[in-house]
Amino acid sequence: MHRAGDRLNSATLAKNFADDPPALGDRDAVIEAARCVFCYDAPCTRACPTDIDVPKFIRQILHDDALGAARTILDENVFGGSCARACPTEVLCEGVCVDRARGKAPVEIGRLQRYACDVADAAGVAFHEAGADTGRRVAIVGAGPAGLTCAYECRKRGHAATVFDASDVAGGLNTVGIAAYKISTAFALTEVARVERLGVDVRLGHAIDTDGLRDLLHDFDAVFVGVGLGRTRDLDIDGESLPGVVEALDFVRQTHTGPLADCTVGRRVVVIGGGNTAVDVATAAARLGAEEVTIAYRRGEAAMPAFRHEYERTQKDGIRWQWFARPTAIVERDGRAAGVAFVRTTPAEPGSRGGALADVPDSAFTLDADLVVKALGQAPHADWLTAIDGVAVDRGRVVVDPATGRTGAKKLWAGGDCITRGAEVVDAVQQGKIAARDIDRVLREEATR
Amino acid sequence: MSRPDLTTTFCGIRSPNPFWLASAPPTNSEYQVRRAFEAGWGGAVWKTLTHEPIVNVSSRYGAVDYDGRKVMGLNNIELITDRPLDVNLREIERVKRDFPDRALVVSLMVETNRDAWHDIVRQVEATGADGLELNFGCPHGMSERGMGSAVGQVPDYTTMIVEWVKEVATTPVLVKLTPNVTDVTAIGRAAAKGGADAVSLINTVNSIMGVDLDRLTPKPDVAGLGSHGGYCGPAVKPIALHMVSAIAGDPEIDLPVSGIGGVQAWQDAVEFMLLGASTVQVCTAVMHYGFRIVEHLVEGLERWMTEHGFMTTADFVGASVPRIKTWGDLDLNHAVVARIDQSTCIHCGLCYIACEDGCHQSIEKTPIAEADYTAGAAPDRVLRSGGHAIVTGGGDGIVNRYTIRESTCVGCNMCSLVCPVDGCITMHPVDNGKPPMTWNDYQAGLADGTIEPIEPPEHA
Ligand SMILES: Cc1cc2nc3c(=O)[nH]c(=O)nc-3n(C[C@H](O)[C@H](O)[C@H](O)COP(=O)(O)OP(=O)(O)OC[C@H]3O[C@@H](n4cnc5c(N)ncnc54)[C@H](O)[C@@H]3O)c2cc1C
Ligand SMILES: Cc1cc2nc3c(=O)[nH]c(=O)nc-3n(C[C@H](O)[C@H](O)[C@H](O)COP(=O)(O)O)c2cc1C
Ligand code: SF4
Ligand code: SF4
Ligand code: SF4
């Protein structure tokens, strides 16, 4: 393991982590916008979890009204700029775009969305202001996209919003979890600032526990919980705590919190997992200068949870995949991780993609590595909420009514990764929005009673 | 199979193909016309000459861009030649000498004075040019001085000046018509009456290009002011086609027609020819892309002629003219309805909303569960990624299926016009069992009591 800066100069590192894909210029944006046929009851809008009127904003760009486009976007999704950069559009809006049915590439909705939001940012336009003060107060636990959206939407409706977050950085995984070449830390913080500008009070370094939550429920008129998920799950194999074994979130986080040159990376990196997080880790490692990066996944390519476009990104970055490889132990040398021992797997039922796996006899092999990253996905960490009367947690998910975000407890709403066990930023935003609408409805009903 | 022969004889002027450059900036100078002929243009009409060169303003052009495509229409406030007459004449002489097989026609515009016209005609003919084109069309700058469209809008002036020219001219005389009139055939007849050998049309259409929304100044902008100018390019083609066909179909005008206005592609040229033009002239497309486009025009025309078995352009020039009728001659009982090919439909909903809001409410929109849809759809409509199956045209679990309600479809074409997929919506004749009946038949039948009044259509 070494500092990235020991092998790559900062210009190379900056280039490796530059926005991918790059922003569209004015003329390119108009040309791209012109490709949209302006569908009616548009598939892309139906596929957007936040219901952004995509053909409307694209046509606004086409007609030289990027600011109007930004309003169309931000009205529905205050993290429109982040979503534009980080949404897996291939399985959302762009995936259903009708242009694909004509054998063409889909309209680049994400990049157009980014273009409009960038124009608005550059012009310093804030589209919303706080609503007339209602005197009601909402507490939000977790300053990720779910919590901040809920806070913003509550402020728009005139309720005071106070956000508590355990971390010293606001924005949740949107700030420190998403691949840095998709969303730069600096950009993510501008979206946090947009929320704060509406008068949202964000208190960092404030972890909330059961007692704390009881206090909030007592002191505030409504409480929203958007605590996301916890640490990356353990491998449960020998050697897991050796130096040289790290977890995905910490590995990605360092690319956001410190200079890239100070990031720790290995020469030979083995990433364990097969999802989008594994891809983020592997691509970050490659871009930090690792010589050889391998993703080891216990199933085959067909079952890989990583999106196709993320898989393609690994191909571009020269990352190798080891399919049907189950880790059995971390190999130790001189008190440090020196590799990973694997055994080959095979579907227990031939032909099945997701079912049980069996080990292939005598198939053990080892991959050398000076850095091993665990990227199995995050474990839920919301069980403590069950201590609140009425809150149910089902296999790690906080149970809510999807139409309102209400938990079973009075005055308590929830949204984001803690109710889905991990989805996308855009889903967290929508859930924050849905909850804020319902909170507003309930608070107004109470006021008229 | 032998290649079709594109050689054209136009009121006695021969050219190796029917593609001429219109009198405009591309024919300003010897340098340009040489380049054009080297590139393969069959003929050129030299930029309009006059006795004293005019003075131009800056800037001069404006364009309409449409949804990201550049120059769908072009406008100019440029005038006729700004170069001295003797320089132009020397250049014309040299070009004609070096390209004897090409048609070189010279466009003229002088004040309404018989001697002035006689003088310029004699000087130009001395160069050996093949013919003269009288510019009665320029809609700006010259018209205020009693020239250009000021002449071309008044039938008597048109006849008078053509007569003056014909008194001395020994080469064919074309009259270039302005579209800025209520009835172009009236001017065409006036030109024929004066003895013109041919007409060419259209010149540019009166227009204001637009207004700069920041400075509130017109476009194009001359020190914050503007003036109406002449509009040309793809946007004017339908206007030009109508006027060409009107002249070609007029029994009182028996003159060859040179078609002008918005020719970009060989197809445009063929349309002009089918509607009666035996040569076509091009300006904007050359100003946009250069002389090289003549290759596409020639090759496209040749291929089309070969496909249709036409050996010379005369085989098809004017072939569609007899099919242009007055509305009253069209069959009221002919019925077509739209049909949607579900296998190529991309589910954009454009046909639906066009029909629903703008036409006759005859398209049904039915949401279908994505799962039911994919069972019957082509596999390339489903993209698999990270355990998701994404359906093109889907979203929120449904795909909208659009179908035509034939019982109320009036066959207006609108859905097929807006559909972004070629061939997805087609129009089909339906047999309503009624014999052909034109409006004229209908009126006559109503009058003599042999026909019952037609019921109005039922609307939603
Ligand atoms: C490596 C990685 C890459 C990803 N890449 C993408 C991507 O490219 N595109 C995409 O759309 N999504 C991506 N995601 C998913 C996305 O980041 C999450 O879906 C989204 O951030 C969830 O938002 P949230 O508000 O629910 O939770 P989070 O963003 O996790 O925020 C939760 C916040 O709550 C705080 N918190 C937790 N517990 C407490 C407590 N007890 N008291 C106070 N505060 C607490 C945390 O500090 C945190 O700030 C990625 C996720 C990961 C892990
Ligand atoms: C800048 C410009 C200058 C023109 N000058 C003349 C001219 O001097 N004489 C003339 O007869 N027509 C002139 N025209 C009109 C063209 O010859 C032609 O009739 C018209 O542009 C329509 O053809 P198009 O659509 O191919 O451009 C001019 C057009 C343009 C754009
Ligand atoms: S928010 Fe995401 S899913 Fe929605 S339109 Fe924008 S890029 Fe697409
Ligand atoms: S589906 Fe594609 S073409 Fe249709 S409105 Fe959306 S972006 Fe435009
Ligand atoms: S316009 Fe064409 S492609 Fe679009 S829904 Fe209608 S038939 Fe289908």
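Using the Cβ-Cβ distance between residue B:403 and residue B:327 with R0 = 41 Å, the FRET efficiency computed as 1/(1 + (r/R0)^6) comes to roughly 0.85. The angle separating the long axis of helix B:294-308 from the principal Cα axis of greatest extent in chain B is about 60 degrees.
Here region A:428-446 and region A:96-175 have alpha carbon centers that stand 15 Å from each other. Taking the centroid of alpha carbons for each part, region B:306-320 and region B:147-176 are 31 Å apart.
Based on the convex hull around the alpha carbon atoms, region B:1-125 presents an average projected area of 11.0 nm². Positive-end ranking of A:363, A:330, A:351 along the dipole of region A:327-374, with charges on Cβ about the Cα centre, is headed by A:351. Taking 7 Å along the Cα-to-C-beta vector as the label spot, tell me the residue A:20-residue A:2 distance in nanometres, rounded to one decimal. For residue A:20 paired with residue A:2, the spin-label model returns 2.1 nm.
Taking 22 Å as the straight-line reach from the Cα of residue B:47, the lysines in range (excluding those fewer than 8 positions away in the same chain) are B:96, B:166, B:176, B:237. Taking a ≥ b ≥ c as the square roots of the eigenvalues of the alpha-carbon gyration tensor, region A:316-358 is classed oblate because a/c is 1.5 or more while a/b is no larger than b/c.
For chain A, averaging the sequence separation of C-alpha pairs within contact (under 8 Å, six or more residues apart) and dividing by the residue count gives a relative contact order of 17 percent.
For the options A:414, A:143, A:296, a Gaussian network treatment of chain A with springs between C-alpha atoms closer than 10 Å singles out A:296 as fluctuating the most. Sorted from greatest to least, the principal axis extents spanned by the alpha carbons of chain A come out as 72, 55, 47 Å. If you wrap region A:48-179 in the convex hull of its Cα atoms and look at it from every side, the mean projected area works out to 9.2 nm². Label sites at residue A:197 and residue B:114, each approximated as a point 7 angstrom past Cα along Cα to Cβ, lie 7.8 nm apart.
Given the -39500 (n - 2.57) contribution per DSSP H run of 4+ residues, what per-residue ellipticity at 222 nm results for the protein assembly as shown, rounded to the nearest 500 deg cm²/dmol?
Calculated mean residue ellipticity at 222 nm is -9500 deg cm²/dmol.
Estimated from the Cβ-Cβ distance and a Förster radius of 60 angstrom, the FRET efficiency linking residue B:382 and residue B:193 is about 0.30.
Reachable lysines from residue A:182, Cα under 27 Å, same-chain residues fewer than 8 places away excluded? Here the lysines satisfying the reach criterion relative to residue A:182 are A:15, A:56, A:104, A:316, A:374, A:433.
Averaged over its residues, how many other protein chain Cβ atoms are within 10 Å of peptide A:99-105's Cβ atoms?
5
The value of relative contact order for region B:193-253, using C-alpha pairs under 8 Å at least six residues apart, is 31 percent.
One Cα centroid belongs to region A:207-228, the other to region A:291-310; the line between them spans 39 Å. Each of the trypsin sites (Lys or Arg not before Pro) that DSSP puts in a loop and that has at most 11 other Cβ atoms within 10 Å breaks chain B; the longest unbroken stretch is B:1-214. Taking GluC sites (Glu not before Pro) across region A:106-180, the ones in a DSSP loop with at most 16 further Cβ atoms lying within 10 angstrom of their Cβ are A:129. For region A:294-414, the Cα gyration tensor yields ellipsoid semi-axes of 37, 19, 17 Å (square root of five times each eigenvalue, largest first, whole Å).
For peptide B:376-384, the mean count of partner chain Cβ atoms within 10 Å of a residue's Cβ comes to 2.
Applying Stokes-Einstein at 10 °C and 1.306 mPa s to the Kirkwood radius of region B:234-279, computed over alpha-carbon pairs, gives a translational diffusion coefficient of 153 µm² s⁻¹.
Here the 3J(HN,Hα) profile of region A:28-45, calculated from phi with Karplus coefficients 6.51, -1.76 and 1.60 at θ = phi - 60°, is 4, 5, 5, 5, 5, 4, 5, 6, 6, 8, 6, 4, 9, 6, 5, x, 4, 5 Hz, Gly and Pro shown as x.
Using the empirical formula 2.2 N^0.38 Å as the baseline, the Cα radius of gyration of chain B reaches a ratio of 1.17. Its alpha carbons give region A:377-449 an Rg and a Dmax of 12.8, 46 Å. Assuming charge only on the beta carbon of Lys and Arg (+1) and of Asp and Glu (-1), the dipole of region A:142-241 about its Cα centre is about 640 debye to the nearest 20. Every pair of different Cα atoms in region B:220-323 enters the Kirkwood calculation, which places the hydrodynamic radius at 14.8 Å.
For chain B, a simple Cβ point-charge model (Lys and Arg +1, Asp and Glu -1, everything else neutral) yields a dipole of about 1080 debye relative to the Cα centre. Working value for the protein assembly as shown: equivalent-ellipsoid semi-axes of 70, 33, 29 Å, each the square root of 5 times a Cα gyration tensor eigenvalue, largest first. Straight-line cross-link partners of residue B:70 among the aspartates and glutamates, defined as a Cα under 16 Å from its Cα and at least 8 positions apart when in the same chain: A:26, A:28, A:32, A:64.
Across region B:253-333, the relative contact order, built from alpha-carbon pairs under 8 Å that are at least six residues apart, equals 33 percent. For region A:189-298, the list of trypsin sites (Lys or Arg not before Pro) that fall in a loop by DSSP and count at most 12 other C-beta atoms within 10 angstrom is empty. For region B:281-343, the Kirkwood hydrodynamic radius comes to 16.1 Å, computed from all pairs of different C-alpha atoms.
Relative to the longest principal axis of the Cα atoms of chain B, the long axis of helix B:155-168 lies at roughly 50 degrees.
The charge dipole of region B:47-131, taken about the Cα centre with unit charges on the Cβ atoms of Lys, Arg (+1) and Asp, Glu (-1), comes to about 220 debye, rounded to the nearest 20. Only one residue of A:386, B:442, A:10 has its Cα farthest out toward the positive end of the dipole of the protein assembly as shown, where Lys and Arg carry +1 and Asp and Glu -1 on Cβ, and that residue is A:10.
Could you check how many percent of all C-alpha pairs in region A:188-309 are farther apart than 27 Å? Of all Cα-Cα distances in region A:188-309, 40 percent exceed 27 Å.
FYI, it's all coordinate maths here, none of it is from the lab. Note that the structure is predicted; figures quoted are calculated from it, not measured. Note that each Cβ is placed from the backbone with ideal geometry, even for glycine, and that neighbours are counted across all protein chains shown.
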